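Novice: Would you mind keeping the following structure in view while I ask a few things?
The values are calculated or read from the model by the stated rules, or taken from the named source; none is laboratory data. Note that the coordinates shown come from a computational prediction; the quantities given were computed from them, not determined experimentally. Please note: Cβ atoms are built from the backbone with ideal geometry, for glycine as well, and neighbour counts cover all protein chains shown.
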Amino acid sequence: MEIIEKTAADIKRLKIQGATNIAVSALTAITEQLKVLNPKTVQEALTLLYKMKEILFQSRPTEPAMRNGVKYILYNFQRNIREPDDISELISSLASQYIKMLKEAKTRIQLIGAKRIVDGMTVMTHCHSSIVSGIIIKAFQDGKKFDVVCTETRPLYQGHITARELTEKGVKTTLIVDSAMRWAIRQKEVDLILVGADAITSEGVVLNKIGTRLLALAAEEYNVPFYVATPCFKFSPETVIGNLEEIELRDPREVWDNPPENLIIDNPAFETVARKYIHGIITELGILPPAYLYGAVVEKYPFIFSD
């Protein structure tokens, strides 16, 4: 399981970041590992797949897009009517299908989301979401003139990635420290807030980078529309049966590499945003009210609810 274990370790250490990148890396690792192990029967392949699933699922607690990709492979592979001539090839094909679905969803969301940005707006975002960056860049490429405010996003400064992507495309962008969120909404006269998501629960609650709820609360104070842009593949089915999405606590050294002795450092990676603060979730299925997302996912993607 060398390939799988290395990929899981890279995900855990944040060498691989971004939901799409993590899902692609995990599914690619599965296909490469199976080619090495070369299972001869469906049952042998299933045993290996479930072992890989366990390793990958333990890499990070909040990666539903990756987990749902592994489920997609298992769900469809187990419904194969006959013993395939080439097991590795079939699983590789299923992995490619899911990756294609992810990428198509991303493109669709960018097209839908870009329509929410109009001339003269100031748009604000937090952390780094390739989908949010894509929405903003698409709106800019459509000829719209607007400003963007993004946060630095401590402790790993993912907001620098957002700022670099946008400025390289010519988008007028201002970077602020995280604690200036409320100030920026008022001072910059923000019209629209767009963030990504790491997970969505059955109640329409969104998990995203720590600081997102603070931004949502500030948005409510100033009556600024707050939208989440994410594919439905980030839905967390475990929440349907009462399980809570885990809030990952990251290595304290990310905050302070050489702290004073006996200092306690907490470094939460995520927090929840209640659906009452969210105007809409921009998905590949359209802009959905948070409360409607569960029903849409059940109907469109039944594999997400498989074991």
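Novice: Could you pull out the residue among 7, 28, 41 that is more than 21 Å from residue 302 (Cα to Cα), touching a residue at least 24 places away in the same chain (Cβ under 8 Å), buried (at least 20 other Cβ atoms within 10 Å of the Cβ) and among the β-branched types (Val, Ile, Thr)?
Specialist: Among 7, 28, 41, only 7 is more than 21 Å from residue 302 (Cα to Cα), touching a residue at least 24 places away in the same chain (Cβ under 8 Å), buried (at least 20 other Cβ atoms within 10 Å of the Cβ) and among the β-branched types (Val, Ile, Thr).
Novice: Within segment 102-111, which residues are out of contact with any helix residue (DSSP H, G or I) (no Cβ under 8 Å at 6 or more places or on another chain) and surrounded by 16 or more Cβ atoms within 10 Å (Cβ to Cβ)?
Specialist: 108
Novice: Anything in segment 161-173 that is surrounded by fewer than 19 Cβ atoms within 10 Å (Cβ to Cβ) and either part of a loop (DSSP other than H, G, I, E, B) or among the aromatic types (Phe, Trp, Tyr) (or both)? List them, or say none.
Specialist: 169, 170
Novice: Can I ask one more? Just to check your reading of the model, which residue among 118, 70, 123 is assigned by TED's automatic domain parsing to the domain that holds residue 222 and surrounded by 17 or more Cβ atoms within 10 Å (Cβ to Cβ)?
Specialist: Only one candidate passes the filter, namely 123.
Novice: Take segment 173-204 and flag every residue that is closer than 23 Å to residue 283 by Cα and more than 14 Å from the chain's Cα centre (by Cα).
Specialist: Once the filter is applied, which keeps residues that are closer than 23 Å to residue 283 by Cα and more than 14 Å from the chain's Cα centre (by Cα), segment 173-204 yields 190, 191, 192, 193, 202, 203, 204.
Novice: In segment 172-213, how many residues are more than 30 Å from residue 304 (Cα to Cα) and touching a His at 6+ places or on another chain (Cβ under 9 Å)?
Specialist: 3
Novice: Of all residues in segment 186-203, count the ones that are within 18 Å of residue 219 (Cβ to Cβ) and in a loop (DSSP other than H, G, I, E, B).
Specialist: The qualifying residues number 6.
Novice: Going by the structure shown, is residue 99 surrounded by fewer than 18 Cβ atoms within 10 Å (Cβ to Cβ), closer than 24 Å to residue 207 by Cα and of a type in the set (A, V, I, L, M, F, W, C)?
Specialist: Spelling it out, residue 99 is indeed surrounded by fewer than 18 Cβ atoms within 10 Å (Cβ to Cβ), closer than 24 Å to residue 207 by Cα and of a type in the set (A, V, I, L, M, F, W, C).
Novice: Given the conditions (1) in a loop (DSSP other than H, G, I, E, B); (2) buried (at least 18 other Cβ atoms within 10 Å of the Cβ), report the number of the one that residue 85 does not fulfil.
Specialist: Among (1) in a loop (DSSP other than H, G, I, E, B); (2) buried (at least 18 other Cβ atoms within 10 Å of the Cβ), the lone unmet condition for residue 85 is (2).
Novice: Out of all the residues in segment 259-307, which are in a helix (DSSP H, G or I), farther than 16 Å from residue 201 by Cβ and charged (D, E, K, R)?
Specialist: Within segment 259-307, 299, 300 meet the criteria.
Novice: Here is a further query. With the condition kept exactly as written, say whether any residue in segment 132-142 is part of a loop (DSSP other than H, G, I, E, B), of a type in the set (Lys, Arg), at pLDDT 95 or above and touching a Gly at 6+ places or on another chain (Cβ under 9 Å).
Specialist: no
Novice: Looking only at segment 143-160, which residues are part of a loop (DSSP other than H, G, I, E, B) and either out of contact with any helix residue (DSSP H, G or I) (no Cβ under 9 Å at 6 or more places or on another chain) or small (Gly, Ala, Ser) (or both)?
Specialist: Listed by number, the residues that qualify are 143, 145, 157.
Novice: When segment 174-185 is examined, which residues are found to be surrounded by fewer than 19 Cβ atoms within 10 Å (Cβ to Cβ) and small (Gly, Ala, Ser)?
Specialist: 179, 180, listed by residue number.
Novice: Looking at segment 133-160, which of the residues that are touching a Cys at 6+ places or on another chain (Cβ under 9 Å) and β-branched (Val, Ile, Thr) is surrounded by the fewest Cβ atoms within 10 Å (Cβ to Cβ)?
Specialist: Among those that are touching a Cys at 6+ places or on another chain (Cβ under 9 Å) and β-branched (Val, Ile, Thr), it is 153.
Novice: Any chance segment 231-241 includes a residue that's assigned to a loop (DSSP other than H, G, I, E, B) and modelled with pLDDT under 95?
Specialist: Yes, segment 231-241 contains a residue that is assigned to a loop (DSSP other than H, G, I, E, B) and modelled with pLDDT under 95.
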